[in-house]
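Everything on this sheet refers to the single structure shown next.
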Amino acid sequence: MYRFLLSRQWVILTLVGLVLIPVMIKLGYWQLHRHQHKVAQNQLIARSLAADPVPVTTLAAPGRELPRRDMWRTVTATGTYDTAHEVVVRQRTAADEQSIGYYVVTPLVLGNGRAVLVNRGWVSAGNDLTKFPDVPAAPRGKVTVTGRMMADETTAASGIKNTKGLPARQVMLINSSEQAKRTGRTMLGGYIEQTAPKPAGNIPEPVPEPDHDSIGPHMAYAVQWWLFAAAVPVGWLVLVRRERRDRMAAAAKEAEEAREAGASVAAGDGGRTAETTGSGETEAAGDEAAPAPANP
């Protein structure tokens, strides 16, 4: 009764199931790895934020890519803002994660003549995106800035397209190499996400601390994919048993109908035989009752 498994329909169904099982298992591990990455990142952010502040030159140097282990470390930098080369970064979200505006990035020139980019915070874009927004002026004179050390933004890492031909003093990415070319100054790699001192009126709006508590739904998704993978063979067995049961029931019904049909035919043949026999006996009796013909 399992010969139906060799039919075209069941061969295709079985092959599809055999393909889905490893695919779903792999998707489960992909989500597991995303969960593990998120947990590791949360731990890194927590350690970095809890570490003691260090001078920016301890972690950053011209042309040096910031190592991942130094991301979000608290650093300090003392110098003078170069407001002439201040830029705004387009398409950035405020702390409410809804309002779209700009990040204000200003080079801070250190005592040795080198500079480091400082993300001073978020401002509204206003109504005219072709004009430089209304940005509160950076403090004059020597200042000491505290903030989180961040790696240069790139298209590969952020997914943000580095659009060219933007209005003056507007950019898409915070990148020290690009700003070094633009300003002609030697820039330390990476940039500072300012946390102190707080700006007057909270404008620019400081960039909020990165979330390092939530882990997302990745582990739940991994378990779901593995449950789906386990459900495929179970579902296949259920379908096979149902198909076998239905075929056996159909075969039993056909056999019953065949028996009933045979019985009906046999009953019909018996009736016709009896009718024929009765007719013969009547004719024979008639022949016996008929008088013999008289002799002439």
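Rule-based calculations on the coordinates, nothing more; no lab input. In this text the structure is predicted, and so the values were computed from the model without any measurement. We place every Cβ from the backbone using ideal geometry, glycine too, and count neighbours over all the protein chains shown.
Some points to look at:
- Net charge, residue 217 excluded, C-beta distance under 13 Å - Lys, Arg +1, Asp, Glu -1: +2
- Packing-based order for 6-17, 188-199, using average beta carbon neighbours within 10 Å, highest first: 188-199, 6-17
- For the options 249, 77, 137, a Gaussian network treatment of the chain with springs between C-alpha atoms closer than 10 Å singles out 249 as fluctuating the most.
- Taking a Cβ cut-off of under 12 Å around residue 187, the surrounding Lys, Arg, Asp and Glu residues balance to a net charge of +2, with basic ones at +1 and acidic ones at -1.
- For region 53-202, the square roots of the Cα gyration tensor eigenvalues, ordered a ≥ b ≥ c, give a/c below 1.5, which places it in the rounded category.
- Lysine pairs meeting the criterion (Cα under 28 Å, 8 or more apart or interchain), as found in the chain: 10
- For the chain, projected area of the alpha-carbon convex hull averaged over all directions, nm²: 33.3 nm²
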